[in-house]
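The values are calculated or read from the model by the stated rules, or taken from the named source; none is laboratory data. Owing to the predicted nature of the structure, the values given are computational and were not obtained by experimental measurement. Cβ: placed from backbone, ideal geometry, glycine included. Neighbour counts: every protein chain shown.
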Amino acid sequence: VNEWRVEPAAPEDLEPILELERCCFEWPWGRLSVEGEMGCPDSTGFVVKRGSPESKHRVIAFIFFRFIAGEVHIFRIAVAPEWRRRGIGSALVARCLESARRRGVLSASLEVRASNVEAAALYAKHGFRVAARRPGYYSDNREDALILNRDIKEEENP
Ligand SMILES: CC(C)(COP(=O)(O)OP(=O)(O)OC[C@H]1O[C@@H](n2cnc3c(N)ncnc32)[C@H](O)[C@@H]1OP(=O)(O)O)[C@@H](O)C(=O)NCCC(=O)NCCS
């Protein structure tokens, strides 16, 4: 039996997503940002839950991505620290690429902090390449952003 499953993000996932924000990011998104993302028509969110649907479950990961200008753009992805390195981040990236493929969207992009080696490794494993570097892109600590992208092939398996 799978210990966890991917589901579309629902309004009741707001609080657990906020908790994950606080434990996974040095500069977490606040309530308004997460609510805004969940209410945005261009945005798609998935959560990962553990436990059976009948029993008490817990949200252990999430992803938000948007379809913009003919591309899918990953806005946010996080996995609870104790659940990392088990393929959950990979499953969420794969779900995003699969959603794009089904819509006929054949290009993906995202920005990542230059210091974020875990995320860079995850994205490299999924075929993303560094397209550009934006110096001082993040206003909180003036850190550089790496702009990553990849093509999505129509016939590719997720
Ligand atoms: C980035 C993040 C989402 C990865 O989630 P995850 O569930 O651990 O990812 P996976 O288990 O699918 O890992 C996939 C691959 O990424 C790479 N990777 C992930 N974490 C890594 C680490 N700490 N060191 C080196 N490589 C790593 C590995 O290649 C890994 O494959 P492997 O386990 O077979 O070696 C998670 O570390 C996280 O939530 N970080 C904090 C939030 C964040 O920075 N989000 C991204 C910016 S929006």
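Right, Val34: within 9 Å of the ligand (Cβ to nearest atom), part of a helix (DSSP H, G or I) and of a type in the set (Val, Ile, Thr) or not?
Details: within 9 Å of the ligand (Cβ to nearest atom): no; part of a helix (DSSP H, G or I): yes; of a type in the set (Val, Ile, Thr): yes.
Criteria not met by Val34.
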**OP:** Go through (1) in a helix (DSSP H, G or I); (2) more than 24 Å from Glu143 (Cα to Cα); (3) more than 14 Å from the ligand (Cβ to nearest atom) and name the single condition Ile17 misses.
**Re:** (3)
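Considering each of Phe62, Phe67, Phe75 in turn, give the residue that is in contact with a helix residue (DSSP H, G or I) (Cβ under 6 Å, 6 or more places away or on another chain) and either modelled with pLDDT under 95 or aromatic (Phe, Trp, Tyr) (or both).
Phe62
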Original post:
If Glu118 satisfies every condition in (1) under 18 Å from the mean Cα position of the chain (by Cα); (2) among the acidic types (Asp, Glu); (3) more than 7 Å from the ligand (Cβ to nearest atom) but one, which is the exception?
Top reply: (3)
